[in-house]
1. Order of 401-410, 46-55, 104-113 by packing, highest average Cβ count within 10 Å first?
2. Any chance you could give the angle, 0 to 90 degrees and rounded to 10, that helix 334-348 forms with the longest Cα principal axis of the chain?
3. Would you mind checking the tilt of helix 188-201 against the longest principal axis of the Cα atoms of the chain, expressed as 0 to 90 degrees and rounded to 10?
4. Would you list Val62, Val431 from the most to the least accessible area, probe 1.4 Å?
5. For n ≥ 4 DSSP H runs only, could you compute -39500 (n - 2.57) per run for the chain, divide by its residues and tell me the 222 nm figure to the nearest 500?
6. Above 19 angstrom, tally the Cα pairs of region 218-317 and express them as a % of all pairs, no decimals.
7. What residue among Ser400, Leu469, Thr437 has its Cα farthest toward the positive end of the dipole of region 363-476, where the charges are +1 on Lys, Arg and -1 on Asp, Glu, each on the Cβ?
8. Sorting check: for 244-251, 125-132, 366-373, which peptide has the highest mean count of neighbouring beta carbons within 10 Å, and how do the rest follow?
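The values are calculated or read from the model by the stated rules, or taken from the named source; none is laboratory data. Computed from a predicted model, the values in this text were never measured in an experiment. Methodologically, a virtual Cβ is constructed for each residue, glycine included, from the backbone with ideal geometry; neighbour enumeration extends over all protein chains shown. We work out accessible area using only protein heavy atoms, side chains counted, and drop any ligands, DNA or RNA first. Shrake-Rupley method; radii C 1.70, N 1.55, O 1.52, S 1.80 Å.
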Amino acid sequence: MTSSGTSPNGLPGSAAWELLLPAASAPPRARGRSLQEALREAVRSGRLVPGTRLPSSRDLAVDLGVSRGLVTEAYEQLTAEGYLRSGRGAGTWVGGAARAANPRARDLAPRSPGARADFRPGTPDLSLFPRAAWAAAQRAVLAEVPHHALGYPDPRGLPRLRTALAELLARRRGVVADPERLVVVSGVAQATTLLGHVLHARGMRDIGVEDPGSPEHGSLHTSAGLNAVPLPLDDEGLDLDALRASGVRAVVTTPAHQFPSGIAYSAGRRTELLDWARSVDGLVIEDDYDGDFRYDRAPVGALQGLDPERVAYTGSVSKSLAPGLRLGWLLVPEWVAEDVVERKRTMDLGHPALDQELFARFVERGDYDRHLRRCQRAYRERRDVLVAALEEHFPGAEVSGIAAGLHVIAALPERYGPQDRFLERTSAAGVAARPLTDFAHAPVKGEGVRLVLGYAQLSPARIAAGVRLMAGALGG
């Protein structure tokens, strides 16, 4: 068949070779490989459908201006792979094994709903990311890191980073930080999952979680085979009577700034919690998710500093720098350290070495501290703007949890309810907000309008405008 003929299924012969013209123009040494890949892609994409008869090797070689041996080799290779089929004296045909792949790569990352004002909590201001300082650290690391450092790292993390983090956490959060018991992880989520797997392997089947609390804690432990047991809170922290009655021997807490209520565990409750852990030979998992941001009170030190053998401490840069960095840390008691490190090793063979070198330098040179101070000033201003706007547009609202963190709790007077109607109308006005009930593990009835309002990701002007939008949607 020549390029002017037609195949038995009506496909012009020229349609086959026109797909291959770019490959025929490749440099001589790459021409054969390019021809084979062009044929594969034509079959995979469906441009050459199953049952299509291809030109003879002689005709296609003439049409493309290449050697017949090049075409013969391509046909033989793709026949061996299943893309083509051939029979003696019957020609070469497109086989039926290949199926066109969907070329679209979907992005499943959580995104803003496109609201005019998005008060959903949990996101820092990513525009504050220190690009210049980060780029400088990256250039320096690439210039100075030895070749051997690019091999598989210690599954705990690079000694340089673990040492820098131990000093940072001891200074800023009051932890007892032994670099030998510090594990670099890809965020609090991985730390939680690691501990869940280790506790499950040690025979535990239940773990306590705060209620209300982070929805992720329960789902992460469920993935590790543990049953999450919701435990209520009071004004001082976790309800110890409920904890004792639950029968669990491990519990996840956010004692420095409880999410989402915003309370700090009282000194008495922290002591009682540790006494409980000792009495049941148990473990408290401390999630210090936003421990660096304090505005109107002295920082509350980490619970881990009181008893390093009964508290596993975890944190990350997700709120301080950016969640996309997937970088965090886990300090573990000695009695679970070996199991945690082995689980980390089998999970991913260690955190990326260049990322660790970069962050170690960033911490060592004081860049991280400078960035935290910058964020502290920005977030304090935004918190103040939000509180003032709520007082102006929602008279009688009670705002709590404002002394620290990146969100507040706003309890609105009954006249703004019911809550479902409030959320429906504010959403229609372009305001995204989440009620406190979204973070409760058990259904809550009889609550008024209680909102968890994040402010870190919004400029002061957007915060003020967003609160006006909410009030306007209600006719307030």
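1. Most protected by this proxy first, the peptides run 401-410, 46-55, 104-113.
2. Between the helix axis and the principal axis of the chain, the angle is about 20 degrees.
3. 90 degrees
4. In descending accessible area the options line up as Val62, Val431.
5. Numbers: 16 runs with 199 residues, N = 476.
Helix contribution divided over all residues of the chain: -13000 deg cm²/dmol.
6. Details: 1988 of 4950 pairs.
In whole percent, the long-distance tail amounts to 40.
7. Result: Leu469.
8. 244-251, 366-373, 125-132
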